[in-house]
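Chemist: Can you read through this structure? Questions will come right after.
What follows is calculated from the coordinates using simple rules that are stated; it is not laboratory data. Just so you know, these numbers come straight off a predicted model, no measurement behind them. Neighbour counts are summed over all protein chains in view; Cβ atoms, including those assigned to glycine, are modelled from backbone coordinates with ideal geometry.
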Amino acid sequence: MDSTLDRLKVLLSEVYDGAIDTSSITEETRLVEDIGMKSIAMLYMAMAIEGEFGVSLTNDDLPKMRTVGDIVELVETRA
């Protein structure tokens, strides 16, 4: 089974319609500074995460999602 990180890379690619290079994404990748994620993309990403991993995210979770690693940790603690 793919790791949480690998599954998140697929979701990021889908949110950006394949316009980002997921091969360079690591847990240290910052969503805003490195990827350029805007708030609307963050909402799409949150919905995709909920669907993919079967977890519920709250509005309080979004500001905590600063790096890909933050999302991995959030998903793995709720799964």
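Chemist: For the chain, what is the relative contact order in percent, using Cα pairs closer than 8 Å and at least 6 residues apart in sequence? Before the final figure, lay out the partial values.
Modeler: Details: 67 pairs, mean separation 30.5, N = 79.
With pairs under 8 Å counted, the relative contact order is 39 percent.
Chemist: At 0.36 nm per residue, and after removing the present C-alpha to C-alpha distance, how many nm does the segment from Ile40 to Asp61 gain when stretched out fully?
Modeler: 6.1 nm
Chemist: In addition: Once you have a ≥ b ≥ c as the square roots of the Cα gyration tensor eigenvalues for segment 4-78, tell me rounded if a/c is under 1.5, and otherwise prolate or oblate according to whether a/b is larger than b/c.
Modeler: Taking the square roots of the gyration eigenvalues as a ≥ b ≥ c, segment 4-78 is rounded.
Chemist: Helix-only estimate, please: 222 nm mean residue ellipticity of the chain, summing -39500 (n - 2.57) across DSSP H runs of length 4 or more and dividing by its residues, to the nearest 500.
Modeler: -15000 deg cm²/dmol
Chemist: Further question on the same structure: Any idea what the dipole of segment 10-71 comes to, in debye rounded to 20, about its Cα centre with Lys/Arg Cβ at +1 and Asp/Glu Cβ at -1? All intermediate terms of the calculation are to be shown ahead of the outcome.
Modeler: On the way: 4 positive and 12 negative charges, 33 e Å.
Dipole about the Cα centre, nearest 20: 160 debye.
Chemist: To continue, here is another question. For the chain, set up a Gaussian network in which alpha carbons nearer than 10 Å are linked by springs, and say which option among Val68, Val32, Val15 fluctuates the most.
Modeler: Of Val68, Val32, Val15, the most mobile in the Gaussian network model is Val32.
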